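Novice: Before I ask anything, here is the structure I am working with.
The values are calculated or read from the model by the stated rules, or taken from the named source; none is laboratory data. If you're wondering where the values come from, they're calculated on a predicted model, not measured in any experiment. Heads up, the Cβs are rebuilt from the backbone with ideal geometry, glycines too, and the neighbour counts pull from every protein chain shown.
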Amino acid sequence: MYQQPRPNPEIDIDKILESIRKPLQPLLNRFGGGGGGMLAALLVIVAVGVAIWLATGFYQVQPSELAARRLFGGYTPPLQEPGLHWYWPGPIGKVAKASVTETRRMDLGFRSLGGGQRSDVLSEALMITGDLNIADVQVVVQYRISDLFAFLFKVDDPGDAERGVRSGSPDGLTLKDATEAALRQVVGQRSIDDVLTINREAVQAETLTLLSRMLKEYDSGIQVLEVRLQSVQPPDPVREAFDDVVRARVDKEARINEALAYSQDQVPRARGDAQKITNAAEAFKQERILKATGEASRFLSVLREYQDSKEVTRQRLYLEAMEQILPGINKFIVNPDAGGNLLPILNVDQQKK
């Protein structure tokens, strides 16, 4: 099985021991007797102690970590990648390791006690909103180290013993004070309703943006991943009144939703009825137009016939009118050219029977 080659130590211990032995070789040759043997034993003891001291310089950097080296207190670049390394042990050198992929957490306005219990810190949580109300705001900040060099050397922080943050780490009071300042600024520009219910997401986003900008200006090496409002509520003396307001707002939203549902049910029906009436009116309109157009066409046809033969057309129109006026009466048409003798038609009715 293939194995990656192990990194060689930066310092060869054999070379170090050889460099110590060579300057002392003339002295060992001069004292070749018993005294020389004692001196040689002493040098061996010293050499073994030096070797053990040098061996303490080996250190392991885990896959999620980076390591920063110091020589007599000063930073020695570059940052060490994961693996086995060697560096001068103390008090000459010092190695600081930290995880740069771990997501860390800071609580503001409360402290987690374990087992689901927590303790409120009102000095951090009580804030004045833009409409001069007091809100109890508790927030959780998640962050990680983005620049180990800046995290270790750019900010001098007193630390936070309550949260177990050592002195010199900017995620102590620096992070806490910056978070509190950013949150107070955002809350102070909004109404109590925005913070409690309406625009919680916007408050979180604005606080994240402002906090990230502040930590970048400090060159803290911290990247803020999320700002989440854990609990936002009014102070205890006025909490019941605020709860009544919240319940009233919920009832208001419920009534509005009911009205919208009724509107969405009735409006389509009304539009359908209106469209039905419009279609009926349009059909009636087309019917009347076609009827009028037909009557006009018929009149024009009659007019053309009348103009071609006025007497015949007049006579036909007269006869058709008489048929409509006298529908149930027997009618006899007498040709004027027949003369005044009406005897031929006197027995017409009897002949018909």
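Novice: If you go through the stretch 102-125, how many residues are loosely packed, with under 15 Cβ neighbours inside 10 Å, more than 24 Å from the chain's Cα centre (by Cα), at negative phi and not acidic (Asp, Glu)?
Specialist: Counting residues in the stretch 102-125 that are loosely packed, with under 15 Cβ neighbours inside 10 Å, more than 24 Å from the chain's Cα centre (by Cα), at negative phi and not acidic (Asp, Glu) gives 7.
Novice: Would you call Gly83 at pLDDT 85 or above, over 16 Å from Gln230 (Cα atoms), in the same structural domain as Leu173 (by TED's automatic domain parsing) and not polar (S, T, N, Q)?
Specialist: So Gly83 fails the test.
Novice: Go through Arg228, Arg239 for me and flag whichever is touching a residue at least 12 places away in the same chain (Cβ under 8 Å), at negative phi and surrounded by 10 or more Cβ atoms within 10 Å (Cβ to Cβ).
Specialist: Among Arg228, Arg239, only Arg228 is touching a residue at least 12 places away in the same chain (Cβ under 8 Å), at negative phi and surrounded by 10 or more Cβ atoms within 10 Å (Cβ to Cβ).
Novice: What's the total number of residues in the stretch 199-231 that are farther than 21 Å from Asp157 by Cα and either assigned to a helix (DSSP H, G or I) or in contact with a Pro (Cβ under 9 Å, 6 or more places away or on another chain) (or both)?
Specialist: Total satisfying the criteria: 10.
Novice: Can you name every residue in the stretch 167-193 that is touching a residue at least 60 places away in the same chain (Cβ under 8 Å) and surrounded by fewer than 22 Cβ atoms within 10 Å (Cβ to Cβ)?
Specialist: Residues satisfying the conditions are Lys176, Glu180, Gly188, Arg190, Ser191, Ile192.
Novice: Kindly provide the set of residues from the stretch 116-154 that are polar (S, T, N, Q) and free of Cβ contacts under 8 Å to residues at least 40 places away in the same chain, ordered by number.
Specialist: Gln117, Ser119, Ser123
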